[in-house]
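For reference, the structure is listed below as structure tokens.
The values are calculated or read from the model by the stated rules, or taken from the named source; none is laboratory data. Everything quoted here is computed from the prediction, not taken from an experiment. Here Cβ is always computed from backbone atoms with ideal geometry, including for glycine, and neighbour counts include all displayed protein chains. Heavy atoms of the whole protein, side chains included, go into the accessibility calculation; ligands, DNA and RNA do not. Shrake-Rupley method; radii C 1.70, N 1.55, O 1.52, S 1.80 Å.
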Amino acid sequence: MSAVLERQETVTYNPPGEQARRFHGSNAFVRGLLGPVGSGKSSSCCVEIMARALKQAPHADGVRRSRWAVIRNTYPELKSTTIKTWETWFPSNVAPIRWDTPITSIVQIMDIGDGTSLELEVLFLALDKPTETGKLRSLELTGAWINEASEIPKEIFDMVTQRVGRYPSNLRGGPSWSGVILDTNPPDDDHWYYRIAEEDTPAGWEFFRQPGALYREGEEYKANPEAENVDNLPNGYQYYFNQLGGKDDTWINVFLLGNYGSTADGKPVYPEFNDKVHVSPKPLEAMRGLPIVLGWDFGLTPACVIMQQTPRGQVLVLKEIVSEDMGIRQFANDIVKPILINEFGGFPRISTADPSGQIRAQTDERTCLQELLESGIPTEPAPTNDWIPRRESVAFFLTRMADGNPGFLLDPSCTNLRKGFNGRYKYERLRTSGPARYRDRPVKDISSHIQDALQYACLRIRNGLTGTRVRAVKTNSSKGWT
């Protein structure tokens with residue numbers, strides 16, 4: 001896109017890739033652009049501000065008016081990075097900066113080429129505490145850009161959404177478009193950006209995710225041909241390879257591979273997992289005629305995963321079911337069975353579980369497998385409970401392809417599995433001096449139960465889908481199955 005800023009000067013900008021192009025093409029009230037370091041996110045947002053200002057409908061006096069707030073978490077970063085990027089695209093002869101409080105850039109162009117003029121005011125603000133929302137309450141804005149949104153509190157974002165759409169006033173025609181744009185490196189999976197972008201996106205909001213700059217294949221990192229903005233970087237892909245030295249897997253995963261991270265301190269169990277590759281962009285549909293595979297983990301936090309394997313060998317994780325403070329009988333009858341009836345009625349079914357489910361309870365001498373049988377879900381123990389085969393059964397599908405598609409695909413509703421893959425399911429770091437060392441078994445916590453269930457199901461799939469298959473049908477019997 002080109003923006004005529006003065007009769008004798010034109011700024012030419014080419015979006016750094018397909019996701020940035022889609023970001024510019026969207027008219028959503030809130031838009032996010034997420035990607036690895038160096039992917040051109042900040043430049044795209046600077047140009048977006050100017051492009052939106054030039055597109056604002058002119059008032060009767062022929063002036064296109066806009067006022068934007070640009071927000072970063074600290075003043076030093078605002079000055080050394082955000083404002084520097086703005087000045088790279090719009091230097092002082094076009095957008096002079098006034099260095100008082102707040103720092104302000106003013107763009108005034110008498111004729112943008114169509115007989116109308118432009119008045120753009122950009123306010124640069126440093127806000128990193130929820131208590132600083134008061135600095136926004138009196139602002140009347142057209143739009144706002146939150147730079148590095150992962151470092152900004154949710155309260156700031158919420159207040160910003162209230163302050164846009166208020167300039168120009170209705171007396172001057174009002175804004176023809178208003179909204180909030182955000183850019184960020186991938187945040188932790190408990191961050192507010194993750195929730196609104198991946199779990200519960202409000203209607204009318206859009207989020208765009210650039211591919212990682214590198215990808216991991218075994219123990220080797222390789223250049224991702226789909227990465228954006230590489231041609232504009234010094235030394236191209238080497239810019240990224242130079243950053244690998246001295247970095248841990250978590251840092252590389254976020255800043256170079258462009259994956260969501262985790263606040264957990266430890267080593268991810270599945271470095272083979274790539275959030276961009278292994279999470280389906282849309283809900284998965286079960287394939288009729290193929291069996292569903294149920295994997296179970298027991299205890300007072302029972303979990304169940306529902307999967308399929310396609311004729312091409314691809315594993316589809318269709319649903320996760322988790323619970324807390326609940327016995328297996330209640331979990332199976334009150335939670336899992338209604339899902340099987342309503343969502344997977346008529347599918348052949350194979351059910352496998354933690355082999356410890358064969359152990360009798362000390363209270364009534366019943367086993368978890370007997371409880372599942374009484375619930376109408378005959379279940380066999382997994383072939384082994386050894387840790388290495390369990391982990392490798394999942395890693396096998398994560399590292400293979402099926403007719404050009406990933407061998408493992410996760411439904412986006414499986415948020416607990418996804419967070420576990422992104423780092424919450426981890427090996428605990430040992431408190432030792434010298435090189436980092438980790439325990440040889442994962443931490444047992446809320447993230448581990450559904451992962452265990454997944455491992456039992458993958459073990460069964462790798463060993464072949466043979467054995468007991470029960471076709472689930474709705475009946476009038478008390479069990480609900482025949």
Amide H neighbours of VAL279 under 5 Å, at least 5 residues apart or on other chains, H built in the peptide plane: list them. LEU410
Cα centroid separation - the range 274-352 against the range 376-409, whole Å: 13 Å
Over all Cα pairs of the chain, the Kirkwood radius sets Rh, and Rg/Rh then becomes 1.06
Ranked order, TYR239, TYR13, TYR167 - accessible area, probe 1.4 Å, largest first: TYR239, TYR167, TYR13
log10 I(q)/I(0), Debye, Cα-only the range 251-349, no solvent, q = 0.23 Å⁻¹? -1.18
Can you give the three extents of the C-alpha atoms in the range 39-124 along their principal axes, from longest to shortest, in whole Å? 40, 31, 21
Looking at the range 112-219, which GluC sites (Glu not before Pro) are in a loop (DSSP not H, G, I, E or B) and have at most 13 other Cβ atoms within 10 Å? GLU140, GLU219
Aspartates and glutamates near LYS319 by alpha-carbon distance under 13 Å, same-chain residues fewer than 8 away left out - which ones? GLU285, GLU343, ASP411
Divide by every residue of the chain the summed helix terms, -39500 (n - 2.57) for each DSSP H run of at least 4, and state the resulting mean residue ellipticity at 222 nm, rounded to the nearest 500 deg cm²/dmol. -6000 deg cm²/dmol
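DSSP loop trypsin sites (Lys or Arg not before Pro) in the range 213-307 with at most 15 other Cβ atoms within 10 Å of their Cβ, which ones? Don't skip to the answer; put the middle values down first.
Values: sites: ARG216, LYS222, LYS247, LYS276, ARG288; in loops: LYS247, ARG288.
Answer in residue order: LYS247, ARG288.
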Simple spin-label estimate for ASP200/ALA51, 7 Å along Cα→Cβ, in nm, reads 3.2 nm
Paramagnetic reach from THR131 (point 7 Å along Cα→Cβ, amide N under 18 Å) across the range 64-83: 73-75
Let me cross-check ASP440: its accessible surface, 1.4 Å probe, with only protein heavy atoms counted, in Å² to the nearest 10? 120 Å²
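Mind listing which GluC sites (Glu not before Pro) in the range 224-309 are in a DSSP loop and have 11 or fewer other Cβ atoms within 10 Å? Present the calculation step by step, with values, prior to reporting the outcome.
On the way: sites: GLU226, GLU228, GLU272, GLU285; in loops: GLU226, GLU228, GLU272, GLU285.
Answer by residue number: GLU285.
Mind checking the full-extension length gain between TRP192 and ARG329? Use 0.36 nm per residue of separation minus the Cα-Cα distance, one decimal, nm.
Numbers: separation 137, 0.36 × 137 = 49.32 nm, distance 3.55 nm.
Here the segment from TRP192 to ARG329 would lengthen by 45.8 nm.
Determine, for each peptide in 338-348, 300-310, 81-91, 25-35, the mean count of other beta carbons within 10 angstrom over its residues, then list the peptides with the highest first.
Numbers: 338-348: 15.1, 300-310: 23.2, 81-91: 17.2, 25-35: 20.0.
My ranking of the peptides, most packed first, is 300-310, 25-35, 81-91, 338-348.
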Dipole check, the chain, charges on Cβ (K,R +1; D,E -1), about Cα centroid: among LEU284, VAL394, GLY346 the Cα furthest to the positive pole belongs to GLY346
Could I have the simple spin-label model distance between ASN27 and SER117, label points 7 Å from Cα toward Cβ, reported in nm to one decimal? 2.8 nm
Full-extension gain in nm, GLN162 to THR10, via 0.36 nm per residue minus C-alpha separation: 51.3 nm
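Output the direction-averaged projected area (hull surface divided by four) of the convex hull of the alpha-carbon atoms of the range 23-178, in nm².
Working: hull surface 36.7 nm².
Over every viewing direction, the Cα hull of the range 23-178 projects on average to 9.2 nm².
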